Every structure is written in C-alpha cells, then in structure tokens.
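One structure below.
The values are calculated or read from the model by the stated rules, or taken from the named source; none is laboratory data. Note that the structure is predicted; figures quoted are calculated from it, not measured. Counting neighbours? That spans all protein chains shown, and the Cβs are built from the backbone with ideal geometry, glycine included. For the accessible areas, the whole protein counts, side chains as well, though only heavy atoms, and no ligand, DNA or RNA atoms are used. Shrake-Rupley method; radii C 1.70, N 1.55, O 1.52, S 1.80 Å.
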Amino acid sequence: MSSNARRSRARNRRRASRINKIILVFVALILAMFLSVAVAMGSVALVAMSWLEDLPDYTNPASFDTSQPTRIYSADDVLLARFFLENREPISIEDMSPYVLEAVVAVEDERFFEHDGVDMQGIARATVMTALGSREGGSTITQQYVRQTVLRDEATDMSLRRKLREAYLAMEVEKHFTKEEILEMYLNTVFFGANAHGIEVASLTYFGIPASDLNLAQAAALAGIPQRPNVLNPYNNPDLTLQRRSHVLFRMYENDKITYEERREAEETPLDLDRADIPEHGIYESGYFVTHIRRELHNNFPQADVFGGGLVVHTTLDTRLQRVAEEAVWDMIGRDPSGPEGALVSQETDTGKVIVMVGGRDFAEDEFNLATQARRQPGSTFKTFGMIAAIEKGMSPSFRIDTSSPATIGEGGNRWIVNNSEGRGRGMMTLQSSMAASINTSLARLAYEIGAESIVDVAGRMGIKSELQPFPSIVLGAQGVTVAEMANAGATLAAGGLYREPVVITEIVDRNGEVIFEWEENTSQALTPEVSWASTQVLMGTISGGTGSRARLPNWQVAGKTGTSQQNRDVWFLGYTPVLSTAVWVGHKEERTIFLNGSRGFGGTISAPIWRNFMEVALQGYEHRLFATAPPPPYNNSLFNIPTSEPPSLAGLTLEEARAMLSGFNISTEEVYSDTVPAGRIVSASFSGSRVTIRISRGPQAEAEDEADDRRDEEPAADERPVAPPPPPPPPPPPPPPPPPPPPPPPPDEGGDNGGGYGSTPTSPTP
C-alpha cells in the first residue's frame, strides 16, 4: 500500500473518530433527557429490573443449543442419513477459512474484539443513520447470537424491553465465553438462506466445498447473506449478492484486513455457484432401512429430538452386503420399472441384528417399504408353522397323511375345498415328504386336525407380529405377513427355538457425547430345542430333495421353504443356515400374476436363486458351523386321526389304470370269479390306510368250470398218450437288468406350492 493511501486512510479514521465522538455526545444528551423524564415519572430502574425478570438460564449451556441434525451410521461406520429441521453441520473455528472470520466481523461487528457484548458506538451510529434515512443495524455479533438462541421466542418482538433483555444477556455471555467461542457459535447458528444454517452447510450449498476451503470472494459473498438471507440468496438474486459482496470487501479493506489489490481481484471473481449433492430429505443411501430407523426413533423419542437433537445413531446395516443383496434381487428379476418388485431381509441368528434390508426398487419414487410395511400372502412358506405346531403336539414327521385332491375339509357351511397345484394326489405321504413336495391337501387336513389356533400361536412366538385369524387356510399362507417377520421366524429355528427380537439400532449418543441408549439382547424360548431341531431336519429335506433345491449351498447346512400365493402373485423363499436367516419376496405392488422370461413365477424358481446368490457372498464373513442338534421330541401318532378321502372307485378298470390313480399306496391283488365283470377288470378294492387290496375278475365261475371240463375231455387216455422225450436242460438265466436310475428331484414348486389350492376359505375358526 502506498504512503498516500495510508495518509488518506488515516485522515478518514480521524474524521470517523470525530464523528463518533459527536454521536456519543448526542446519545448522552438523549439518555439524559430520558432519565430526567423517568425520574419525574418514577424510577426507571424499577421498570428496567422488571424487564429482566424471567430471563432464560444463560448459565446453562443447553439454553444456547440450536437445532442440530441427527446422524445415522451403518455398522461399518458409513453415514447413511442426516435428519434435520434446520440443515446445520456445526464445525470448530479451526475448520473455518480465516477469510470467513474476517469478513463476518468486518461487516457485522467491526469492534467485536473490543466491546463487552454491547457496542454503544455502534448503537449510536445506527441511530443516526436511521434518522438520516439509511438502514443500519446496531446489534453486535453477541447480541445476534443471543437473539437466535436463548431469546429466539422473542426474536420478532421489536420492543425496548426485548432490546434491553438482549443487551443484558449479551454482556453476560461475554463473561462466560471467549470471543473465539462466541464467533464459532454464531457462525454455526446463523441462517444463510436456501435452508442452509451455519457456515459449513452454506459453503456446501452455494460452492460445494467445506468452509475450510473458502477463498476471499466466496467468504465475502457468504458473509453478506445473513443480513437478509432470503433476498440475498445468490440462487434467487445473484446481482444483489454481488453488490453485497462488494460492500463486505469494502468493509474488510476499511478495516485493514485485505489490500486494495485483493479487494479488486475478489470483486472481479464470478460467483461460480456449485451446490453439493445434499439430498433434501437427508438420506444418502439405503433409504428403506433408514426410514425404518426413523420410525423406530419416532416411537421412542420426541420429534424435536429426532430432527433437531443432534443424536448419533449407530445401526446394524452392513453396507457392503446391502449392495450384494440389491444386486442379487435386481439381477434376477430385472431393472425395468414396470417389472416386479423385490424385498429381502437378512438377520443374524446369534444376535438378531438385521444386516440387510431391501425394501423396493426405487426409494426416490416410492418410500413405501416392502420389507417391513407390506403384508403379502406367504403361500406355502407358512406351512412351516403348521408342521411345527403338529410336531409340538406329538406328530412324527413320518406320520402319513392323505394327499388326494381335491380335499373337502370341514362340515356344513364351513366346508373348505382344497386342491393341489398339479390337480392330482399322491396317495398317502409322510408329513416330511408332504413338506418337501409342498402338498396343499395334506397340510390342509393337518391344520384342521390340530386346530388353526395352534398355528397362530406358534407363528406369534417365532416372530410373526402381524394380526392373524385362526382359520385353517392360514396354513397355506392365506393371510399377509412381512418379509422382516419371516426372516425373524427363520432365525428362531436356526437358534434352536430361541426367539431374539430383531435389532436395527445398537447405540444412540446425544449431542453432548452421552450414551442414552445401548442395545441389550431380548430373548425368549419360543420352541424347545427338540421341536426346533426336528423341524429343521424336515426343512433341510425341502432343500436336499424338494421344492427348494435351487437354494442348495456347498459346505453349509440349509433349511427352508418355498412359497407361491394364489395365481402366482407372490413368490417367497425363507431359508436359514446356522448363522443367517434370510427371507426373499418378489411380486408386483398392485397384485397380479408374476411372469419372468415368459413363464409364471414360483418361489423355487425366482426367490430361492436370489437367496442363494446373496447368501453365497454373505456367509463368507462368518465362521462355518453346523446346526445344534437335539434328541427327538416325544411323539405319539395315536393322538391324531386325520380321515382319508372317500376311496376312488376302481371297478371296471384294468390293473394298470388303477396303479396310475394310486401313486403312494401299497397295492396287493387277488383274483376272483365274477358273473358281471369281464376277466382282467377290477371287481372291487378295499383300502386300509396306505394299503389297498384289488380284486381282479377271472370271469364267471361256470364258464371257467366248463372250459376246464372241455380241456379234460379233449385230453387222450393215459395209455394213449405219447411218451414225451425228456425235457432239454433249462437255458442259463439271463443276467439281471441294471437297477433303474434314481428319480430326479421334483422341479421347484411342483406339488402344491402354487396357489389355486386354497379353494374356498372358511370364514370361521377351526371347530
């Protein structure tokens, strides 16, 4: 700076000093006049003291708390979301550009480091300038901070009472905090327009950089906004912003904070606005999981704390596996928005922690969480609870049940007609085989025998919290449940019958660093280990040789159940290993038949492969182990009397035709005479459990005897018979045929997994 410039600025400062002294005298005269009038009217001190009653507790730091965002973190410490009423990100003064500090002080309170909270010279200047028709504020930075925090409820009150209270509190604040602390608190509080509160968010909102990286031109532009944040917002009025920036730079130059060359260079710098990618709803990723967390917080904390309390929430989500799960779902069913939706929830069996939650295709389009909010028919996956209830009552997995189709269940007006998806029955099958092949009619007969109330009870104990009605059709999944509930129920089986409440939040820390919530395990024994292990063994069979074969994993034990609702509108797979339980659902939001690659969708062909593709990766992070075993529970099959359907009429059929109708029965035959049934045709059959005796006609007895007599008449007398030569030696027996190959496993979802087997649903509970 040249010597002439320095002399000129010195003259300006002397001139300003003289003006300030004149202003002080003027103010003193005004105050003296006011005091003389007050004395005449009474004691002004008493009035002033009354105005200072009921002040906020300025000695309590909490009184100065501003709204701060709640932050949500994943288990691997990724910031998932920020919930806020005011978009603010407090930072320390060390993380603020020095240009910001100098610009704000120059334009808002140039004697900030000299006064004790109230600047009498500034007030006098503002009074004179207002009288001359110019608008200029006289509040210090400390006063502004007080107004925006402890006196925010009075901020719009323009009375002398509020101004006195504000000045008093500002002087008290200066006694308790350093100037640097006050400046930091102010810059973290002040509003910069565009929903940006505090200098850090303002810097990101307008320039896309943290406040520590602001240059002189950027800092001056931001420092000028708080005077009128909605008007001076550069997105709304860039020209006004530039004018205000020039004023800030002038004030910095007048206060010897920058040189003239720096001022001119900054004035010539374009704004170059660049908004950082800050979503308005504050959610950065895993939106469906985050909204589930938000609902959990709302259930336990006031809204003011959730959106403004500055909480730090640690959750159970694994962001790496979340991406794996999303890829597994969309790689299978496609990414076309018009295609079906998918949901997946995975839960640790040892802790109950929910590590993954896929709640839909596009959170930006629809925030409805299909994993936790949608209740869809689970189809045959719900047979699991009927099977468990039967085992719990003493039914052995080897108990044989009639699978004939259709099945008419119940009496009178509550009769229930159930069909198998393939239309036919398979004779008498064990409970275990019925589960593996997913037979509708056998499980429907079982539900009627044991009572639907027991199925509802078992499901509730295992983690199904949706309201269920005790109708027999529940065993075929006719009532809606959530994907998260099904994953929780699978975890109960994997844990040997020990129910663990699902966990999504492990710890919450308040704005002061105090832990206000810490997760504690909440468990109950839902099933005995014996019943749980017996049930798991049955469900392992659905993977090794049943409808869930596409969920097989090398080196891991897998148990589970497929499910497909009526008209193929919902396809499911619930599967679990010793360490993870995962449930998968695919369907349309507006229920309709699922087609994939031109074919109808099934739980075994769509959901089971999704499950496998996710679990192959997820299990790599867990130590391998086996299911915990237990002795069999006490069985007593004599307690159950599940009637068989009326035996089919076989009369008049050939034996081959009868065998085709009696798959699963043990058949024995005997020949009888019949005057009415041609030889080789069936006369009658008798059924006993899984055994059937078929009587085959030999024709009329008289005809048979006449034929025998004719044969005897035609034979020569013994002495007329030629002597037959000795028979040749018998040829060597042919080699035995090779054993037939083992039958292939049934394709996924054959044998009743498809809906259409519900038939008419009874409208009253099991009698």
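Determine the sum of side-chain charges near Thr349: Lys and Arg each +1, Asp and Glu each -1, restricted to other residues whose C-beta is under 14 angstrom from that of Thr349.
Its environment carries a net charge of -2.
Highest mean first, what order results for 85-94, 443-452 on Cβ atoms within 10 Å? Working shown, then result.
On the way: 85-94: 17.3, 443-452: 23.9.
Highest mean packing first, the order is 443-452, 85-94.
For the range 487-644, the normalised intensity computed at q = 0.10 Å⁻¹ comes to -0.49 (log10 of I(q)/I(0), Debye sum over alpha carbons, equal scatterers, no solvent). If you bin all the Cα-Cα distances of the range 149-281 at 10 Å, starting from zero, the percentages per bin are 11, 35, 34, 18, 2. The value given for the range 346-430 is a Kirkwood hydrodynamic radius of 17.1 Å, derived from the mean inverse Cα-Cα separation. Counting only the Cα atoms, the range 236-360 fills a convex hull of 237 Å³ per residue. In whole percents, the pair-distance distribution calculated for the range 72-124 from its alpha-carbon pairs, binned every 5 Å from zero, is 4, 14, 13, 14, 15, 11, 10, 7, 6, 3, 2, 0. Once the 1.4 Å probe is applied to the protein heavy atoms, the range 385-441 comes out at 33 Å² accessible per residue. Our summary gives the range 158-305 a relative contact order of 19 percent, counting only alpha carbon pairs under 8 angstrom and 6 or more residues apart.
Overall, the accessible surface of the range 138-287 at a probe of 1.4 angstrom is composed of carbon and sulfur to the extent of 47 percent.
If you wrap a convex hull around the C-alpha atoms of the range 587-633 and split its volume per residue, what is the figure in Å³? Before the final figure, lay out the partial values.
On the way: hull volume 7.4 nm³, N = 47.
Here the figure is 158 Å³ per residue.
With the gyration tensor restricted to C-alpha atoms of the range 528-585, the semi-axes of the equivalent ellipsoid amount to 20, 13, 11 Å, longest first.
Viscosity 1.002 mPa s, temperature 20 °C: give me the Stokes-Einstein translational D for the range 196-263 in µm²/s, with Rh taken as the Kirkwood radius over C-alpha pairs. Show your work: numbers first, answer last.
On the way: Rh = 12.2 Å.
Estimated diffusion coefficient is 176 µm²/s.
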